[in-house]
Amino acid sequence: MVVLHHGFIRATVVLLSTILLAENAWARSLPAHAPTAPPTLAKRQATDAYYRECYDKGLTLTCASEMSDSMAYIYFNSRSVVATALTQAQLTASGWTTDADPYLGLEEKFEQYVGEEILMELALDPAKNVVVNWVHSVAIDATHPATEANYQCWYNVPAGAIIVDLAWSPSYRITFMSDDEWPAGSQLPAIRQLSDMNVVNMDTRAVIERAMGGVPASEWVGYTDFETTSEAGYALLGTPNGNPQAWILINHKDSLGADQSNPDEITGLKKVSKIRIWTNEDLCYIPPDLDDESDYEDEDVDMDDKDRDMAHCYHMLFFIDTVSEPDFMDY
């Protein structure tokens, strides 16, 4: 399962449910960096307090991934972690509608954003993609208005893939993704990876830069892996781009193959075990008002405009392992 992030949009997620992939296949180098440095972009520093906050959140999410739903309910102070909408009917009843005219910008540049090597590794044929766009456009009542949140998915059934192209929460941030529609059947339990590409969230980028020891992205070589048992691994998982990946596993335990019928012998739980960081020659457009809660209109971006806020793209790959024996009590 892979989550991809697209630089033009605030949060782009691709969920690819794949058969077991050879881990060393991801270790080959990506294209060389651009020959010229990108325009200077004002960076955000990951303060000690924020880095610790992300670490604590990542540790908490890892712990919750290894719990049954009933145990997680207690752990999160009587808050259910099970997704609230799992079917089309449930989504519609919650105010979601499908857009008959979805945004197709990703289609023409799919290979460019995803990368030819990744397409080959995942045996993903872009011609098999089918787009579905969910918009929260219907008010339920006076206290539950339409939020205009928007989640657009590209479905690639032959590859077992769900590609979430647009992931705009009401505040235009990446969120838990717990209201996404999931396909029925046995497609999801084969999940092995999630990947977030072209990360534009400045807080996440700051934590990535700190995890990489402050080395400029132009000097990164190949891939760098962080086990989630490490300080940097937990911090990366706790970022705005990392925590949705853990919540996908926490919210959808049964759909992803867990057997919770026997409280004394729960099997099939999944957790993020390792996070891989890398970059390539592509530059991302970083929206200057990413943290502005005011209304935002998606504008056409001229990638040749040197005055635009451009920076190296940061990519994150989350490796998923099945928990052989829940050990959350050891955290």
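The values are calculated or read from the model by the stated rules, or taken from the named source; none is laboratory data. Small disclaimer: the values here were computed from a predicted structure and weren't measured. Because the Cβ atoms are built from the backbone with ideal geometry, glycine has one as well, and the counts that use them run over all protein chains shown.
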Restricting the stretch 96-132 to residues that are outside any helix (DSSP H, G or I) and at pLDDT below 75, the one farthest from Glu281 (Cα to Cα) turns out to be Lys109
By residue number, the members of the stretch 223-246 that are at pLDDT below 95, out of contact with any helix residue (DSSP H, G or I) (no Cβ under 7 Å at 6 or more places or on another chain) and surrounded by fewer than 21 Cβ atoms within 10 Å (Cβ to Cβ) are Thr224, Asp225, Thr229
Note on the stretch 198-222: residues touching a helix residue (DSSP H, G or I) at 6+ places or on another chain (Cβ under 8 Å) and on the phi > 0 side of the Ramachandran plot are Asn198, Gly222
Here the qualifying pairs (Cβ atoms under 7 Å; residues six or more apart or on different chains; first in the stretch 248-264 and closer than 21 Å to Gly58 by Cα; second assigned to a helix (DSSP H, G or I) and small (Gly, Ala, Ser)) come out as Leu249/Ser65; Ile250/Ala64; Ile250/Ser65; Ile250/Ala72
Asp264: passes all of (1) more than 22 Å from Phe226 (Cα to Cα); (2) modelled with pLDDT of 80 or more; (3) under 19 Å from the mean Cα position of the chain (by Cα); (4) acidic (Asp, Glu) but (3)
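Would you please name the residue that is modelled with the highest pLDDT, looking only at residues in the stretch 317-331 that are in a helix (DSSP H, G or I) and not aliphatic (A, V, I, L, M)?
So in the stretch 317-331, the residues in a helix (DSSP H, G or I) come out as 328-330.
Those still in the list that are not aliphatic (A, V, I, L, M) too: 328, 330.
Details: Phe328: 54, Asp330: 49.
That would be Phe328.
For Tyr314, are the conditions met, namely being surrounded by 13 or more Cβ atoms within 10 Å (Cβ to Cβ), at pLDDT below 80 and among the hydroxyl-bearing types (Ser, Thr, Tyr)? Before you say what the answer is, go through the steps one by one.
On the way: surrounded by 13 or more Cβ atoms within 10 Å (Cβ to Cβ): yes; at pLDDT below 80: no; among the hydroxyl-bearing types (Ser, Thr, Tyr): yes.
So Tyr314 does not fit the description; no.
Right, Ala37: at pLDDT below 90, in contact with a helix residue (DSSP H, G or I) (Cβ under 7 Å, 6 or more places away or on another chain) and closer than 22 Å to Gly242 by Cβ or not? Even if it seems obvious, please write down each step before you answer.
Values: at pLDDT below 90: yes; in contact with a helix residue (DSSP H, G or I) (Cβ under 7 Å, 6 or more places away or on another chain): yes; closer than 22 Å to Gly242 by Cβ: no.
Against the criterion (at pLDDT below 90, in contact with a helix residue (DSSP H, G or I) (Cβ under 7 Å, 6 or more places away or on another chain) and closer than 22 Å to Gly242 by Cβ), Ala37 does not qualify.
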